[in-house]
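Notes for the one structure printed next.
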Amino acid sequence: MNNKFHFLHMVIVFLSCAGITNAQTPLIGPNQIICNSIQPADIVLSGTAAEVIKWQKAANSSFTDPIDIPNTTTILTGASIGSLTETTWFRPVLDTDYPDMQPAKVEVGTVTRWNGTAWDNELPDTSTTAVFTGNYSSTASVDACKVIIVNDAQVIINTNHTLTVQNSVEVTSGTLLFESNASLVQISNALNSGNITYKRNTVMRKYDYTYWSSPVASVALNLFSPLTSPSTFYWWNAYGTPSFGWTNLSAASIMDPAKGYIIRGPETFSTTTLTSWTGEFTGVPNNGDYPIDVYSNESTAFNLLGNPYPSAISADEFMDENTATMGEFGTTFYFWTHNTPITDNNYAYSDYAAYNKTGGIMVAEGANNNIPSGNIAAGQGFMVKAITTGVATFTNQMRITGNNEQFYRQNINATPTTEKHRLWLDFKNEQGQFKEILVGYITNATNNYEDGFDGPIAEAGNPVSFYSVNTTNKLSIQGRALPFNANDEVPLGYKTNTASTYTITLSHFDGLFTQQAVYLEDTLLQVFHNLRDSPYSFSTLAGTFDTRFVLRYNNSTLGVNHDVLNADAILIYKEQQQIVINTGVVPMSGVTVFDSAGRLLLHKEAINLTEFKFNTIVTNGLLVVQVKTIDNQIISKKIIQ
């Protein structure tokens, strides 16, 4: 048989363990360490045209006593190589017209066994097969080439510890338990066998929905959460057949890898008090590639996906490896926090924390106050905006050692070449309504809208919203261009269903904003407020206001006269059983109230405050309110109680 091919080099198809170094060309391929007595991967040739006469293996790189392998193909399969018990070199023998190729070294690791008290050999590492024959509870993270559990051993990987395995995990007899926040990270796409149990702790109320994703195979929804009402398991239908939106699932449905599910709290839980709950996933641990269809269309660009692994994954890596569907610069992830209890059969706030390459924000104060870091925890389901319809794939390369604590129900480090200067603004009132936004100046961002740097607000009928405005886009996260310009201005908008007093706070910041001044301009009251000095409080009527506030970094209005009262700045509204009059920054000296017939109902002097409240007056509903300022300006307004 005449096998002629281009041989520039030779490679191992996949790497079963770490310790890889490239030899110089011409070569067979990268060196490889395999687990003890484990069949190595296939070896493949490519390069200049040559005929493979045979393959050889030897116990040394000089091939002083080579053993022929009668194989003339360009692929030397693992089956042809067989199991190895010592370090071995491989090379192809080519026809006489071509030079010999430098061989590839396949190094065999060692075996160490845990007997319930100690290791019988050295501590396991990336070239060692770790066999557990007795009970084990981790005191630190563990590395191994391969893990085998036999003899009914009970193995526990404790909270914040990571079991990193280069190859497979085999639970022959016994148990392998991962406590909440522990991690199983696997390097190769090896096939696992036997069940593990992965725990995830959370807190919830009866009517709270938590977004879940299974890190193991073949878990039924009702077995994972047996006390949940059978009618309250859902999945988000993004492809529109039969219709878009939440789709009720059979309680016995199996959780597919990479798909997110929402599951309501146990029926026995309180409707108001948060209760601790531990979910347990039992099955063969997921490992390798998991492709999933994602959709972007006019009806919805959001897809409910989930971390398929028993370890955290990097949202940044997920974006970078799926640019065809997630966009060149990435996209925005949304994490449901269920911080706010259900009220009147509705989830009042959006409650979606958000993350993209600019950073993360929280949206409602409560049990889940962490700002998303970009590390997506094991068991976590999430919404993600697809830029293009297609396939997104989860891979082992996205998995992270540790950093598995941030479950919603830590901080992905910026790459050294990424420059970030960010500030977070909180918007809230005394009734607990809360929103947070992020504005950041980021490497590669521009001042135009870009998926991956800019995150639209996620609305869910919530009574309050706060956002930055970029042309027609209302954003919870806005990335802007570098270099930073202190003359930059960012419009801020808000929406509220009720008149109230709100506060805007510079909650935290990084980069140059540790020194840079930050001002809030109130265009209605003509006020520039230094947010570094204190939060800014203001009153507002119900409605949507997209032009009242501007985020700025210098104060250029020192000559503005703030003593003249603007009629538009006087806000009069009903709050519970009182009428509230707010004059912004100009104190009022007196208030007079008439009914529609002109009868005097109230007269108050010497107020000298910017806010005055009086009890509701029973009339036909129409009131005329006269406000007198300290310089004797009189402005009249009509209101209906």
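The values are calculated or read from the model by the stated rules, or taken from the named source; none is laboratory data. Note that this is a predicted model, so its numbers are computed, not measured. Don't worry about glycine lacking a Cβ; one is built from the backbone with ideal geometry, like all the others, and counts go over all protein chains shown. Side chains included, ligands, DNA and RNA excluded: accessible areas come from the protein's heavy atoms. Shrake-Rupley method; radii C 1.70, N 1.55, O 1.52, S 1.80 Å.
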Which residue out of ALA378, ALA353, ALA445, ALA367 is modelled with pLDDT of 90 or more and closer than 25 Å to ILE263 by Cβ?
ALA378
Reported set for the range 185-211 where residues are under 14 Å from GLY288 (Cα atoms), in a strand (DSSP E or B) and in contact with a Lys or Arg (Cβ under 9 Å, 6 or more places away or on another chain) is VAL185, GLN186
Conditions first: (1) modelled with pLDDT of 95 or more; (2) more than 24 Å from the chain's Cα centre (by Cα); (3) closer than 30 Å to TRP246 by Cα. ALA140 passes all but one, so which condition is the exception?
(3)
Of those in the range 149-163 that are surrounded by fewer than 22 Cβ atoms within 10 Å (Cβ to Cβ) and part of a strand (DSSP E or B), the residue farthest from the chain's Cα centre (by Cα) is GLN154
Just to check your reading of the model, which residue among PRO230, PRO215, PRO257 is modelled with pLDDT of 95 or more and over 30 Å from THR162 (Cα atoms)?
PRO230
With the structure loaded, tell me whether ILE635 is more than 18 Å from PHE538 (Cβ to Cβ) and assigned to a strand (DSSP E or B) or whether it fails that test.
yes
With the requirement that a residue be touching a strand residue (DSSP E or B) at 6+ places or on another chain (Cβ under 7 Å), part of a loop (DSSP other than H, G, I, E, B) and acidic (Asp, Glu), what does the range 273-315 give you?
ASP289
Among the residues of the range 481-492, is there at least one that is more than 30 Å from the chain's Cα centre (by Cα) and within 24 Å of ILE579 (Cβ to Cβ)?
no
Please work out which one of (1) touching a Phe, Trp or Tyr at 6+ places or on another chain (Cβ under 9 Å); (2) open to solvent by 20 Å² or more (accessible area, probe 1.4 Å); (3) in a loop (DSSP other than H, G, I, E, B); (4) over 23 Å from GLU405 (Cβ atoms) is the condition ASN181 fails and give its number.
(4)
Of the candidates HIS508, HIS529, the one satisfying the condition of being open to solvent by 50 Å² or more (accessible area, probe 1.4 Å) and touching a strand residue (DSSP E or B) at 6+ places or on another chain (Cβ under 7 Å) is HIS508
Give the residues of the range 85-144 that are more than 27 Å from ALA59 (Cα to Cα), open to solvent by less than 30 Å² (accessible area, probe 1.4 Å) and hydrophobic (A, V, I, L, M, F, W, C), sorted by residue number.
PHE132, VAL142
Here is a check on your reading of the model: is GLY493 within 25 Å of PHE335 (Cα to Cα), modelled with pLDDT of 90 or more and surrounded by 23 or more Cβ atoms within 10 Å (Cβ to Cβ)?
no
Looking at the range 85-116, which of the residues that are part of a loop (DSSP other than H, G, I, E, B), out of contact with any Gly (no Cβ under 7 Å at 6 or more places or on another chain) and farther than 23 Å from ILE53 by Cα is modelled with the lowest pLDDT?
THR85
